[in-house]
Structure formats: C-alpha cells, structure tokens
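**Q** Sharing a structure, written as structure tokens. Questions coming.
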Amino acid sequence: MPIDINLLRADRGGDPDLVRESQRRRFASVELVDQVLAKDAEWRKLINDSEATRKARNAVQAEVSKKMKAKQECKDLVVQIQDYDKKVLEMDKAVKVAKDELDRLLPKIGNIVDDTVPVSQDEEADTEVVRTWGTPVTGDDLLHHHDLLWRIGGFEPERGSAVAGHRGYFLRDAGLLLNMALINYGVSFLRAREYSVLQPPYFMNKDVMAGVAQLEQFDEELYKVSGDDDKYLIATSEQPLCGFHKGEWLEEKSLPLRYGGVSTCFRKEAGAHGKDCWGIFRVHQFDKVEQFVVCEGDLEVSQKIQEEMILAAEDFYQSLGIAYRVVNIVSGELNNAAIKKFDLEGWFPGYDTYRELVSCSNCTDYQSRSMEIRCGAKKVGQEGKKYVHMLNSTLCACTRTICAILENFQTPEGVRVPEVLVPFMGGLTFLPFVREARKDGATAKAADKKTKKVAVPAKGTAAAVAAAAAGKGQPAAGGVLSEAEKLGEAIAAKGEEIRQLKTKKADKATIQSAVNELLALKSEYKKVTGGEYAPPGTVHAEKPAATAAKAPSTSTPSSLPPSNGFTNEAAEIAEAIAAKGEEIRKLKAAKRDKQALAPHIADLLSLKEKFKSITGKDFAAPNSAAAGEVGETNSKAASQQAARAKQASASVQKKAAAEAPAAPSAQGGNGGSEVAVAVESIKGPLFDRSGKPDLVNLNAYLQTRSYIQGFVPSQEDNMVAAAVIDMQKDKGGNGGVDKGNYPHLSRWLRHVGAVPVSERVAW
C-alpha cells in the first residue's frame, strides 16, 4: 500500500515537507522520507545511466552495420558492443535491486494525515469526543458481559478452549440467536440504504493481502494457511473487498459503489496477551458486518462519504438503544492507510466505561493504488493516474455488540432483547438466566483478599451505612474485582503463551523472557490481592458476597419502614419514584437537554400512575402534608388490588368470549376457569378499577416477556388483546396503541394479531 511517490518529488510538483509533517504527526520516522528520496534518486539515476549505455551501444551497432555493408574491418567495434552488453546486464540488476528497495521502503510511509485529526500519541488523554448519544446506564451490582452471557446459557468458554485453545468458545442457544439476529438485522439495515451485500472469500493470496495489509499485521494479526501456495485468513471483509475491483477502470458516473461485507473474521491478537481474556469481547474468530465504499478520487467527496458512513453506524446503534460516543482518533493511533478515523465507542455499564464498537476510516487512494483501481478518463493537463478513494467502517462486530447488549439490557432475572432484534429472534423479547454464575476459585480468593485491604468508610457516611446494612465492616469489593480479574486473566494468558512456546520448542531466551513477565504479573497480583495467585479450581476459600453471585431472586423486594403504612408493592414503587426524581434532578443540574430528560420524565409519570392505581392516591413526597394522608389509606391497598384483579379477569374473560377463540381444556371444556386464575396470578395490576386494561402497566409488564404467561402463548393473550382493542375502539381509535408511548405493548399486540385464528385456538 504505497502513497503516490510523486508527492515526494519536488520536480514533479510534490511537497516532501508535507509528507515529513504527516510522518511527524503520526509519530513515525521522518528520516524515512529522506531515505525514500535518496533511494528514488539512486533508482532514477541508474535508469538514466542504463538508458545512456543502451543508447551508446546502439550507436556503435549502427556504425558496425555501416562498415559491414562497406565490407570494412569492425572487430574492435564488435568488442565494444559486447562490453556494452555486459554493462547493460549489470545495470539492469542494479536497477532491480534499487527498485525492490524503494518498493520496500515506500509503503512504510503513511497516508497524509488530515488537518482535523488531533496530533497526539496518547489515545486516552487526547482523543477528541465529537458527539455523544443516549443516557449511559448506571447502577449498583451490574454484571459484566461474560457473566451475563454465561448465565443466559449463551456460550461455553472452557469447552471452546479445550477444542481451539486460548480465546476459543462455543456460542450456543441465546448467544447464537443474538449473533445471527445481529447479522440478519445488519444486512437488512444496509440493504435499506441501497448497499449491495457481499460475502467474500475467507482467505486471500499473499500478493493481494500484501497490497491491503501492513507488514506488522502479518505477524500480529493474520493467520497463514499452509498449502501449495501462501494464503492468509482475512481479519476483516475490508481486505477482500479492496480487491473486488482489482485492475478495473471504473466510470465516474457509476460511483459511489456501496458494499456491505458479511464475513467471519480471524485475528491472532498477538499484541493483546492478557487483554480482555474473559468472554467474547476480544477473540480469534468472530462475525462482522462491514460498510465499504468506493468513490471518486476527490478528497471533498470521500470526506463527505466518511461522515455518511459514521452516521449510518450511529443510526444502527441508536436503533439498538445503546448509548455511545463518537471520537476522532489521535494521529499516533492511525494505521498507515487512513488519513482520518472515527471510532464509535459503546457504553458498557458493567465496566462503567466506553469501549470501541466501530472504526470508520477514509483511506483515500492508498489501497486503490496497490489494487490498480482507477476511475474517469484522463483529462487535458492531468499528470499521473486518477485512482478511486476507498473507505471502510464497521457496522456491527457481532461479539462486541452482543457484549454491549448484555450489559445495557440486563435485569435481575435476565436480559431484555432490543426491540429491533425481536423479529430476528423469532419473537423472543427476553433471555432469562438459566444457570448460576461461574465458580472461579482464583477470582474468589482475589476478591476476598482485596476486600480486606479496602479502607473502612468514615462513620455516618452513606458508604458506612450501606456496609453496616450488609453486615460488613467495610464496603463490598464492587469495582475492586475487575483489577484482580484482569491480572488473573493476564497470568492465565501468559501461562498459555509459555506452554505454546515450549510446544513449539522456542529458544531459551524467548521462554525466559515470557517467564519473567509471568513472575512480574504474579507479583503485581499479590500486591493487589494480598495473596498468591492460584489457578481456577485449586482454591476453596469461602466466596465473599460480591463474587458468590447466584441467579437473582424474583421474590418481592423489602418494604419501606412500617411507619409509611405502604404495602410491599406500593413501597417498592415509592422508592423507585424517589430514585427517579433524584436522577432527574441530577440531569437538570448537569444541564442535560430536553431530549435526554424526556424518557426519564416519562418513566417518572408512569411510576406515579402505577402508584395511584395501587393506593388510590397521588404520590406525595414523604415530607409533604399529603404523605400522611396517603399512609392512612395504604393499608387497604392490597385487598383493593386483589379485588380489582379478580373483577378485571372476569371482565376480560366475558368481553373476549365472543371474539377470542377458547382453548380446549383437558376435559373438553373451554378452559375459562384456569385462565381466570392465571390472570389473577399475574404480578401487578394489569387492569384499572373499572376492569379496563392499564396500558402503562401492560407495557412495562411486556417489556421482559414475549407473552402474558412469559414465553409461551396462551388464551390470556387472546383475551387481554381483545380487551385492549375494544378499549381503544371505544375511544375512537382503530384498536391499536401508540407505539411511541407503549412500544412493548404495541409490539405484542401486532404479533398476536398477526397469528391466524386457527393457530390461536391451540394456545
């Protein structure tokens, strides 16, 4: 992948100082520019000398021809021709050596860095945040993606490692469904934007790969496939898509060409030992949907298209509901091909940070030169060839996006499915926990030791109160675990690396260097945890509460103090209202815009409506005068709620009898009594006092369920749907509900209505 060498040649209109400045911004070798210029000058001089020698040889050849025609003696001239032939051969060899050296050096010079890129080598400190979207999910006791994926039964890491080595994994059930849903949704998303979708070859010839990949990628990233000829597994579909038009001359009127690449990607991750070893965030094999655009070789055009591509990626993650930020990557972190790169970093609440999900790069003509992909007819006065510009952007790296979904959509019982993925998940809206957290002895010991080193909070502080309530003398380990876990991961990875080195019979110096690194990691682990590192399964220390996580209980939360007079459920909602009010006050103090506040205010109003439906009174803050009045009436709330639920179930059953087909019971009846009991048992008032469906509560209830009974359709779905439709028609509507206000109820209603009556009879 070379830049145009004429950029370095002042006699051809180039500006070598521009290239030097670009190298300086990249924190790359500026001297390399002078080395290339010197080698280029040497190569060009050798060519001139060779041509001059050929010219002199041809002149002597002409003289010999004349003398031979005149039958004159010319032996001395023939000897001169032979000498010239020898010189030409030697010069041609020198020209080839110089050209090979020039071709080796030139691709080491990066593309010209755009003026809008922050000049820095410190990605953490100096990366420019371009914009943000969404409100990051926060909270206590949030789980990490690898724990969540395990609990929903989504992957098998140990079995994968046994088959494929470090970072190997099996996706299964919920994990596989999410992966396939993201691929299919990504394809649908791009096709709606008129992208042509391609599935490329998964390996490439060495010469083609060399034209699109940097030299260090061959060592740190690419897997080599052994056979009759050298081939390499692709690390991204960008690589084969670069060669899709190899050697072609494209008409400008046909541009831009937009492609969506769908492929499995293979990466060594050789430079990432000890990083993100848990879960599927950083793995050797993953599926990805990629944006790739070929456009006219004009910088203004390609800059505009780069903005369009990152906006498309933003639309994708907005549709998933994942908060993110877009950053302008610093110059020192750009690869050689890119003049500018945007990253979209999704919010990971389990780790309380943003992590990269998307990279969007403008590579101008850097790759198209090596692929010889040109465009347009040559114009008068134009010097050199005109190459197309190429741009690439992730749309969805599936494993990382799964990690983001798991952390952002987690609940105490499982993981909600983003609404846009529901059609691609066969209607599933919720992935329940099906097993407890993985038991890791080393992690337990690390957490235990780390907890003992945490300072006890000052008496009277919120932290001290929380610790006392938990029966501890110090705060729970909380975020402390992550540091110990990271070190544990690094130690495990380094141990695996040493085993691989020994298997490959590496030299002693290499192995010793790795062993020294392992010892340093273990020493750091001991400093952090206060104990020696032990491999998982070898330590049987008692797990602290923070790490001995079990599948969350579905029991009713504890009530407020009895003095409030609330039932357990009313108390729970009152706590939620107070917490949401505090959250809104903080957002207002931070001067967040109306768009950011709107969903929180809607949640608050929904909670207050729910409180009123249970207690029969408007919510009032505990210190207000009305609060005392509410307390007096709340003792009757539970019995009133039960009566309303019973009345509502009978009302729904009667109203829906004529429209919703009844499910035959085992005894041959219509199953009406069983349905009534089931509706009564649903937690929360799904109907108001008059027996009409409560749309707010129904919407909240269906947020974590595919059907009224959970994940299996039943006659309750028919009857509740009929009641909702009747109520909306009575209000003058068409029977549907507002998707904006009730997205989950709307989705459920559309789904139930789309099922043929003949199928609903069997529910």
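The values are calculated or read from the model by the stated rules, or taken from the named source; none is laboratory data. Everything numeric in this text was worked out from a predicted model, so none of it was measured. Cβ: placed from backbone, ideal geometry, glycine included. Neighbour counts: every protein chain shown. Just the protein is used for accessible areas: all its heavy atoms, side chains included, with ligands, DNA and RNA removed. Shrake-Rupley method; radii C 1.70, N 1.55, O 1.52, S 1.80 Å.
**Q** Pairs needed: first member in the range 118-139, under 22 Å from A313 (Cα atoms); second member anywhere, basic (K, R); C-beta distance under 9 Å; at least 6 residues apart or different chains.
**A** Pairs that qualify, where the first residue is under 22 Å from A313 (Cα atoms) and the partner is basic (K, R), are V129/R325; V130/R325; R131/R325; T132/R325; W133/R325; T135/R592.
**Q** Now a separate question. Filtering the range 485-533 down to residues that are outside any helix (DSSP H, G or I) and free of Cβ contacts under 8 Å to residues at least 60 places away in the same chain, which residue is most open to solvent (accessible area, probe 1.4 Å)? Can you show your working first?
**A** Here is the first cut: in the range 485-533, the residues outside any helix (DSSP H, G or I) are 504-507, 530-533.
Of the ones still in play, those that are also free of Cβ contacts under 8 Å to residues at least 60 places away in the same chain are 504-507, 532.
Working: K504: 156, K505: 178, A506: 32, D507: 86, E532: 98 Å².
Once the filter is applied, the top-ranked residue is K505.
**Q** In addition: Being open to solvent by less than 40 Å² (accessible area, probe 1.4 Å), on the phi > 0 side of the Ramachandran plot and at pLDDT below 95 is true for just one of G376, G381. Which residue is that? Show your work before the answer.
**A** Working: G381 fails: open to solvent by less than 40 Å² (accessible area, probe 1.4 Å).
After applying the criteria, what remains is G376.
**Q** Which members of the range 307-332 meet the condition of being outside any loop (DSSP other than H, G, I, E, B) and among the small types (G, A, S)?
**A** We begin by selecting, within the range 307-332, every residue outside any loop (DSSP other than H, G, I, E, B); these are 307-320, 324-328, 331-332.
Of everything in the range 307-332, those that are outside any loop (DSSP other than H, G, I, E, B) and among the small types (G, A, S) turn out to be A312, A313, S319, S331, G332.
**Q** Do any residues in the range 155-170 that are touching a residue at least 12 places away in the same chain (Cβ under 8 Å) have Cβ atoms under 9 Å from those of residues that are of a type in the set (K, R) and assigned to a helix (DSSP H, G or I), where the two are at least six apart or on different chains, and which pairs are they?
**A** G168/R159; Y169/R159; F170/R159
One line per residue, one yes/no per condition, for (1) within 30 Å of I373 (Cβ to Cβ); (2) assigned to a helix (DSSP H, G or I); (3) open to solvent by 50 Å² or more (accessible area, probe 1.4 Å); (4) in contact (Cβ under 8 Å) with a residue 12 or more places away in the chain:
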residue	(1), (2), (3), (4)
L37	yes, yes, no, yes
A41	yes, yes, yes, no
N58	no, yes, yes, no
V79	no, yes, yes, no
V95	yes, yes, no, yes
L102	yes, yes, no, yes
L106	yes, yes, no, yes
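**Q** In addition: Would you mind stating whether E73 is open to solvent by 50 Å² or more (accessible area, probe 1.4 Å) and assigned to a loop (DSSP other than H, G, I, E, B)?
**A** When the stated conditions are applied, E73 passes them.
**Q** If you don't mind, there's one more thing I want to ask. Picking from G175, G168, G247, which residue would you name as being in a loop (DSSP other than H, G, I, E, B) and open to solvent by less than 50 Å² (accessible area, probe 1.4 Å)? First the steps, then the outcome.
**A** Details: G175 fails: in a loop (DSSP other than H, G, I, E, B); G247 fails: open to solvent by less than 50 Å² (accessible area, probe 1.4 Å).
After applying the criteria, what remains is G168.
**Q** List pairs: first in the range 410-439 and under 19 Å from F348 (Cα atoms) and touching a residue at least 40 places away in the same chain (Cβ under 8 Å), second in a strand (DSSP E or B) and of a type in the set (D, E, K, R), Cβ under 9 Å, 6+ apart or cross-chain?
**A** Qualifying pairs under 9 Å: Q410/R416; L431/R416.
**Q** Further, regarding this structure: Could you tell me which residue of the range 152-165 is farthest from F430 (Cα to Cα), considering only residues that are open to solvent by less than 80 Å² (accessible area, probe 1.4 Å) and aliphatic (A, V, I, L, M)? Talk me through it step by step, then tell me what you get.
**A** We begin by selecting, within the range 152-165, every residue open to solvent by less than 80 Å² (accessible area, probe 1.4 Å); these are 152-157, 160-161, 164-165.
Restricting the remaining residues to those that are aliphatic (A, V, I, L, M) gives 152, 164.
Working: I152: 10, A164: 31 Å.
Within the range 152-165, the match that is farthest from F430 (Cα to Cα) is A164.
Condition check ((1) closer than 17 Å to V283 by Cβ; (2) of a type in the set (D, E, K, R)) across all residues:
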{"site": "G160", "(1), (2)": "yes, no"}
{"site": "Y169", "(1), (2)": "yes, no"}
{"site": "L177", "(1), (2)": "no, no"}
{"site": "L182", "(1), (2)": "yes, no"}
{"site": "S188", "(1), (2)": "no, no"}
{"site": "P201", "(1), (2)": "no, no"}
{"site": "E221", "(1), (2)": "yes, yes"}
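**Q** On to the next question. Give me a count of the residues in the range 187-201 that are out of contact with any Asp or Glu (no Cβ under 9 Å at 6 or more places or on another chain) and buried (at least 16 other Cβ atoms within 10 Å of the Cβ).
**A** 5
**Q** Here's something else I'd like to know. Just give me the residues in the range 120-139 being in contact with a strand residue (DSSP E or B) (Cβ under 7 Å, 6 or more places away or on another chain), open to solvent by less than 40 Å² (accessible area, probe 1.4 Å) and either small (G, A, S) or within 18 Å of V330 (Cα to Cα) (or both), in sequence order.
**A** Passing the criteria: T127, G134.
**Q** Please pick out the residue among L149, L142 that is in a helix (DSSP H, G or I), open to solvent by less than 70 Å² (accessible area, probe 1.4 Å), touching a Gly at 6+ places or on another chain (Cβ under 7 Å) and at negative phi. Talk me through it step by step, then tell me what you get.
**A** Numbers: L142 fails: in a helix (DSSP H, G or I).
Only one candidate qualifies: L149.
**Q** Output the residues belonging to the range 692-736 that are open to solvent by less than 40 Å² (accessible area, probe 1.4 Å), at pLDDT below 80 and under 17 Å from E609 (Cβ atoms).
**A** none
**Q** If you don't mind, another one. Give the number of residues within the range 289-311 that are within 22 Å of H245 (Cβ to Cβ), under 16 Å from the mean Cα position of the chain (by Cα) and open to solvent by 10 Å² or more (accessible area, probe 1.4 Å).
**A** Qualifying residue count, the range 289-311: 0.
**Q** I'm checking my understanding of the structure. Among residues of the range 16-30 that are surrounded by 14 or more Cβ atoms within 10 Å (Cβ to Cβ) and free of Cβ contacts under 8 Å to residues at least 40 places away in the same chain, which one is farthest from I112 (Cα to Cα)?
**A** Only one residue tops the list, namely V30.
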